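Below: the structure, in structure tokens.
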Ligand SMILES: Nc1ncnc2c1ncn2[C@@H]1O[C@H](COP(=O)(O)OP(=O)(O)O)[C@@H](O)[C@H]1O
Ligand SMILES: [Mg+2]
């Protein structure tokens, strides 16, 4: 499970990492390219600016070289006037100079460069200007306290170049061009002349490693260089790595969360599955138990009836009476056992009524405390304003008694004597009522601080005949009965326990709006003889019941099916009472009653039943007698109906 989850995670993570890496690499390349592009653009735009400045200077010098003041000799006065004006227009020129074609300076403006006239400092560019008859930009030259370059234009006269006009431009004049280009912090921008001397520089002056982009300035043969610190690229790399690592961590966290959710869901699913299996097992056991118990029930009815009749006939024979008593005792015990099995199988007949559980527990309290003994404290605890529940009062009392006795037994294991039992009533937790029909419920919980149950015991605790108690201390029928009773009452029994942690056994029962009625009182009843029709397909049950009734003076007619019963009823209008089985050939007791009533027959009915599903198609006013019944119970029921 864990391994498959990890594998799943890895297979999920792998593509993320691969994709993330690919994406990171692409993004990184793009960002590097963008950085390169930005540097190239900066270099080009600066180169254009420098070029334009050079062209403007060349144009200005060329214009001066065309001046008539230089035609056929130098008109010194007028050229000086013109030159000074031009110097005013170009404040960043250091000087304007006219030299002959051999490089001898003839006139310097505003005053002789270096204090006196002499040879030009950069004769190469001058010679080239003379030779090519084209303007030239000279090298950068240090001299006369100045770093500058010359822009020269030949004065053309009939195809010859007798003079050369030069503007001397200090390199500082180029500096401002660099500021026009905004470059990121840490970058460096430089202009070089043809020989690699720096003309101007801006930006970083640090010594860190740089990556350079170089662009030529065609107008002057210079170069513009933009340098980007290598650190910027490294930072990009770092960013990409961070994104990748961060992404992987997020993906991992997401996966972990997902795996956790999946594990929890799986565990829940398994728990649900186990619960369903358990319920199915108990259900199957219930059906089996119910079938056996029902058959036993039918056998017990004539046994008990026969014993009752025998006792009446035997008279004073004490020995025989003892045998009969012992037989009756065993049969009674069998009847109780069967009743418990029927309870487990959800087939006992219940008489649900509205019950104030608080009052019921208060009534029961003395019995509970007496059952657990003085060394165990049994405490009632109740939440306020609880609704009444709808359940069978006797069975509910029995259930509580069973749970409390189990709690006592759990406390008393290993020879312990003292302990605490809390009987609590409250509203159920959400998980306790999950899966039950919609509606309100009440929880009646019995907590103990006894030995608790291990998982295996907990799983089987509700099975009939499952007990961990030695000898005849345990029957294994307590919890099975309580479970059956709870389920049959449309609720459930919830067990929570762990070894050494005590146990909580919680009955969840449906709440009802109906007010809880006061308790019944005993009635006096007259006895009399009447014509009774007895319908039951089981001859043993029928004969036993008939014998009991006849022994007490009643006139009993017998029938073994619904149709026989109807016929008998039609032919004997004097019938005062009909006693009928529920399950019969030809139709149920319920159908019998309906047909009789539809035919306008007025007789009251008493239903004999071992099944509770008998109640389904029964008119609500028909009393029932659960098989097996005792002589007295039958007579009581008959008298109640005749009275
Ligand atoms: N409160 C409890 N604490 C510990 N174990 C319990 C408790 N209630 C029931 N059990 C376990 O469940 C088994 C079945 O209980 P039950 O059906 O009442 O039968 P019995 O009490 O006759 O053994 C018990 O034998 C015991 O192992
Ligand atoms: Mg028990």
Q: Within the range 485-500, track down each residue that is over 16 Å from residue 459 (Cβ atoms) and within 11 Å of ligand 1 (Cβ to nearest atom).
A: 500
**Q.** Output for the range 556-576, where each listed residue is farther than 21 Å from residue 540 by Cβ and touching a helix residue (DSSP H, G or I) at 6+ places or on another chain (Cβ under 9 Å)
**A.** 566, 569, 575, 576
Q: Would you mind stating whether residue 430 is closer than 27 Å to residue 354 by Cβ, without any contact (Cβ under 8 Å) to a residue 40 or more places away in the chain and more than 10 Å from ligand 1 (Cβ to nearest atom)?
A: yes
Q: All but one of (1) within 24 Å of residue 346 (Cα to Cα); (2) surrounded by 17 or more Cβ atoms within 10 Å (Cβ to Cβ); (3) within 16 Å of ligand 2 (Cβ to nearest atom) hold for residue 450, so report the exception by its number.
A: (1)
Q | Filter result for the condition that a residue is free of Cβ contacts under 8 Å to residues at least 40 places away in the same chain, within 30 Å of residue 176 (Cα to Cα) and surrounded by 12 or more Cβ atoms within 10 Å (Cβ to Cβ), over 41, 49 | A | 41
Q: Only strands (runs of 3 or more DSSP E) wholly contained in the range 524-643 count here; list those with 1 or more residues that are free of Cβ contacts under 8 Å to residues at least 60 places away in the same chain and over 60 Å from the mean Cα position of the chain (by Cα).
A: 531-535, 555-559, 577-581
Q.
Regarding the range 380-399, can at least one residue be identified that is within 24 Å of residue 484 (Cα to Cα) and within 13 Å of ligand 2 (Cβ to nearest atom)?
A. yes
Q. Here is a list of conditions, (1) buried (at least 17 other Cβ atoms within 10 Å of the Cβ); (2) farther than 28 Å from residue 11 by Cβ, and residue 247 meets all of them except one; can you say which number that is?
A. (2)
Q: Go through 156, 236 for me and flag whichever is in a strand (DSSP E or B) and touching a residue at least 24 places away in the same chain (Cβ under 8 Å).
A: 156
Q: Considering every residue within the range 594-617, establish whether at least one is surrounded by fewer than 22 Cβ atoms within 10 Å (Cβ to Cβ), at pLDDT below 90, more than 19 Å from residue 542 (Cβ to Cβ) and touching a strand residue (DSSP E or B) at 6+ places or on another chain (Cβ under 7 Å).
A: yes
Q.
For the range 182-202, which positions are within 15 Å of residue 38 (Cα to Cα) and buried (at least 19 other Cβ atoms within 10 Å of the Cβ)?
A. 183, 187, 188, 189
Q: Select, from 70, 87, the only residue that is in contact (Cβ under 8 Å) with a residue 40 or more places away in the chain and either surrounded by 13 or more Cβ atoms within 10 Å (Cβ to Cβ) or more than 60 Å from the chain's Cα centre (by Cα) (or both).
A: 70
Q: Specify the residue that is nearest to ligand 2 (Cβ to nearest atom); the eligible residues are those in the range 425-447 that are closer than 26 Å to residue 284 by Cα and not in a loop (DSSP other than H, G, I, E, B).
A: 432
Q. Do you know which residues across the range 489-505 are crowded, with 23+ Cβ neighbours inside 10 Å and either away from ligand 2 (no atom under 16 Å from the Cβ) or not in a strand (DSSP E or B) (or both)?
A. 491
Q) Restricting attention to the range 357-387, which residues are in a loop (DSSP other than H, G, I, E, B) and either in contact with a helix residue (DSSP H, G or I) (Cβ under 8 Å, 6 or more places away or on another chain) or surrounded by fewer than 16 Cβ atoms within 10 Å (Cβ to Cβ) (or both)? A) 373, 374, 375, 383, 384, 385, 386
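Let's see how each residue does on (1) touching a strand residue (DSSP E or B) at 6+ places or on another chain (Cβ under 8 Å); (2) free of Cβ contacts under 8 Å to residues at least 40 places away in the same chain; (3) surrounded by fewer than 19 Cβ atoms within 10 Å (Cβ to Cβ):
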site: 127; (1), (2), (3): no, yes, yes
site: 134; (1), (2), (3): yes, yes, yes
site: 142; (1), (2), (3): no, yes, yes
site: 146; (1), (2), (3): yes, no, yes
site: 151; (1), (2), (3): yes, no, no
site: 162; (1), (2), (3): yes, no, yes
site: 171; (1), (2), (3): yes, yes, no
Q) Does residue 417 meet the test of being away from ligand 2 (no atom under 11 Å from the Cβ), more than 41 Å from the chain's Cα centre (by Cα) and either under 17 Å from residue 481 (Cβ atoms) or not in a strand (DSSP E or B) (or both)? A) yes
Q | Which numbered condition residue 389 misses (of (1) at pLDDT below 95; (2) more than 15 Å from ligand 1 (Cβ to nearest atom)) | A | (1)
Q: Report, by residue number, each residue of the range 458-483 that is more than 10 Å from ligand 2 (Cβ to nearest atom), in contact with a strand residue (DSSP E or B) (Cβ under 8 Å, 6 or more places away or on another chain) and in a helix (DSSP H, G or I).
A: 458, 483
Q. Is it the case that some residue within the range 409-418 is more than 11 Å from ligand 1 (Cβ to nearest atom), under 20 Å from residue 496 (Cα atoms) and in contact (Cβ under 8 Å) with a residue 12 or more places away in the chain?
A. no
Q. Failed condition for residue 451, given (1) without any contact (Cβ under 8 Å) to a residue 60 or more places away in the chain; (2) in contact with a helix residue (DSSP H, G or I) (Cβ under 8 Å, 6 or more places away or on another chain); (3) part of a helix (DSSP H, G or I), with all others met?
A. (3)
Q) Taking residue 218, is it over 51 Å from the mean Cα position of the chain (by Cα) and crowded, with 16+ Cβ neighbours inside 10 Å? A) no
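So that you can scan it fast, the table gives a plain yes or no per residue for (1) surrounded by 20 or more Cβ atoms within 10 Å (Cβ to Cβ); (2) at pLDDT below 95; (3) closer than 20 Å to residue 343 by Cβ:
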site	(1), (2), (3)
416	no, yes, no
424	no, no, no
428	yes, no, no
455	no, yes, no
466	no, yes, yes
478	yes, yes, yes
481	yes, yes, yes
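So that you can scan it fast, the table gives a plain yes or no per residue for (1) at pLDDT below 80; (2) touching a helix residue (DSSP H, G or I) at 6+ places or on another chain (Cβ under 7 Å):
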| position | (1), (2) |
| --- | --- |
| 154 | no, yes |
| 167 | no, yes |
| 193 | no, no |
| 196 | no, no |
| 206 | yes, no |
Q. Which condition number does residue 230 fail, the rest of (1) touching a helix residue (DSSP H, G or I) at 6+ places or on another chain (Cβ under 8 Å); (2) surrounded by fewer than 19 Cβ atoms within 10 Å (Cβ to Cβ) being met?
A. (1)
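The values are calculated or read from the model by the stated rules, or taken from the named source; none is laboratory data. All figures in this text were calculated on a predicted structure; none of them were measured in a lab. Quick reminder, even Gly has a Cβ in these numbers, built from the backbone with ideal geometry, and neighbours come from all protein chains shown.
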